[in-house]
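To start, the structure itself, in C-alpha cells.
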Amino acid sequence: MKVLICDKTAADAIQAMRDAGIEVDNRPEITAEELVRDAGPYHGMVVRSRTKITKEVIDAAPNLKIIVRGGVGLDNIDVKYAESKGIAVRNTPKASSDSVAELTIGYLLALARKIPQATISMVAGEWRKKELEGTEIAGKTLGLIGLGNIGQAVAWRAAALGMKVIFYRRTPTEVPYAKQVSLDELLAQSDYISLHVPKTPETTNLLNAEAFAKMKQGVYIINCGRGGTLDEDALYDALVSGKVAGAALDVFADEKVNPGNAKLFQLKDKHGFNLVIGSPHIGASTVEGQDRVGGEVAEILIDFYRKHF
C-alpha cells in the first residue's frame with residue numbers, strides 16, 4: 001500500500017505506518033498542481049485543512065482507495081464523488097477536540113477581560129487601566145450552535161466556570177451540563193455565542209443578518225469551528241451598529257484569497273481598541289492535539305492496510 005502525506009503529520013505517526021509495512025511519501029508542502037500530476041500511484045492520501053481533494057485529484061488517482069482527513073471537517077474533500085468511486089473517506093473527530101475547546105474557552109476569557117487589547121496597549125507603553133474594565137463570564141449564558149465532540153468539550157468547561165450553557169442541535173440530545181433550546185431561543189438568550197457546526201449547505205452563513213437581529217444587544221461571537229458558517233459581512237455590520245460587542249475568530253470564509261478578512265480587524269471601539277481578535281486557524285495546533293491526530297490517522301490507515309492489502 002502506497003500512501004501520500006499531503007499536509008504536516010506527526011513524525012511518529014508516519015514512522016508507525018512505515019513500521020506496519022506501508023510505503024509512505026511525506027510531501028507536506030505539495031501543491032495542487034503537483035498533487036494532480038503525481039496522484040496516480042497512491043492507494044491512500046492524508047490531508048489536513050490545507051490540501052483540497054477535488055474531483056480532478058480523484059480522477060487523477062485511479063488506485064486511490066482511502067482518504068484520511070486529520071481533523072474534523074470534510075469540506076476540503078469531495079466526499080460524494082470519492083464515495084461514488086468506491087473510495088473510503090475517514091476523519092479524526094475526537095483527536096483535536098480538547099485543543100479546539102481550550103482555544104474557545106481562551107477566547108471567552110480574552111473577550112470578557114480584553115486581554116489582547118491590554119497587551120497591545122502595554123507594548124505601546126501605555127497604562128490604560130480605566131479603559132480596560134471587563135466583565136465576568138460566571139453567570140453569563142453561553143450559547144453553543146452545535147454539540148458534537150468539540151461542543152460538548154466546550155460545554156462542560158464553561159459550566160465548570162459558572163456559565164449557564166445552552167445549545168442548539170437538530171437531534172434531541174441530553175447532557176448534564178447544558179440545556180437544549182431552539183435556535184431562536186439561543187440567539188435571544190445568549191451573552192456569548194460559539195459556533196461548532198460543520199460547513200454544509202444548511203449551515204453556510206447560519207449566523208447572518210437575520211440571526212444577528214434576534215440577538216441580545218452587546219453579544220459576543222466566537223468561531224473556532226468552520227469558516228463560512230458565519231456571514232462575515234453581516235458580522236461587520238453588527239459590530240459597527242453595536243449589536244455585537246466583540247468577536248473572536250480562528251476560522252474564516254476565505255482563508256486563501258482573503259485570509260483573516262482584514263476589514264474586521266480594523267474595527268475599533270470608542271477607546272481605539274480592536275473589536276475583533278483572532279488567529280490563523282490554530283484551533284487544533286497544539287503539541288498534544290497534533291500527536292493525537294497523527295496517531296489516529298496512523299491507526300486508520302494501518303487497519304485499512306491489514307484488511308485490504
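The set of residues in region 105-133 that are among the aromatic types (Phe, Trp, Tyr) and either at pLDDT below 95 or not in a loop (DSSP other than H, G, I, E, B) (or both) contains only TYR107. Just wondering, is there one or more residues in region 21-39 that are free of Cβ contacts under 8 Å to residues at least 60 places away in the same chain, of a type in the set (Gly, Ala, Ser), surrounded by fewer than 23 Cβ atoms within 10 Å (Cβ to Cβ) and in a loop (DSSP other than H, G, I, E, B)? Taking every residue of region 21-39 in turn, at least one turns out to be free of Cβ contacts under 8 Å to residues at least 60 places away in the same chain, of a type in the set (Gly, Ala, Ser), surrounded by fewer than 23 Cβ atoms within 10 Å (Cβ to Cβ) and in a loop (DSSP other than H, G, I, E, B). Looking only at region 8-20, residues that are at pLDDT 95 or above and part of a loop (DSSP other than H, G, I, E, B) come to 1 in all. Of all the residues in region 236-247, those that are surrounded by 22 or more Cβ atoms within 10 Å (Cβ to Cβ) and in contact with a Leu (Cβ under 7 Å, 6 or more places away or on another chain) number 3.
Within region 195-238, the only residue that satisfies the criterion of being more than 14 Å from LEU249 (Cα to Cα) and part of a strand (DSSP E or B) is VAL219. Taken together, ASP254, ASP250 contain a single residue that is under 17 Å from THR229 (Cα atoms), surrounded by fewer than 20 Cβ atoms within 10 Å (Cβ to Cβ), charged (D, E, K, R) and assigned by TED's automatic domain parsing to the domain that holds GLY134, which is ASP254.
The values are calculated or read from the model by the stated rules, or taken from the named source; none is laboratory data. This one's a predicted model, so the numbers in the text were calculated from it and none came from an experiment. As a convention, Cβ positions derive from the backbone with ideal geometry for all residues, glycine included, and neighbour counts pool all protein chains shown.
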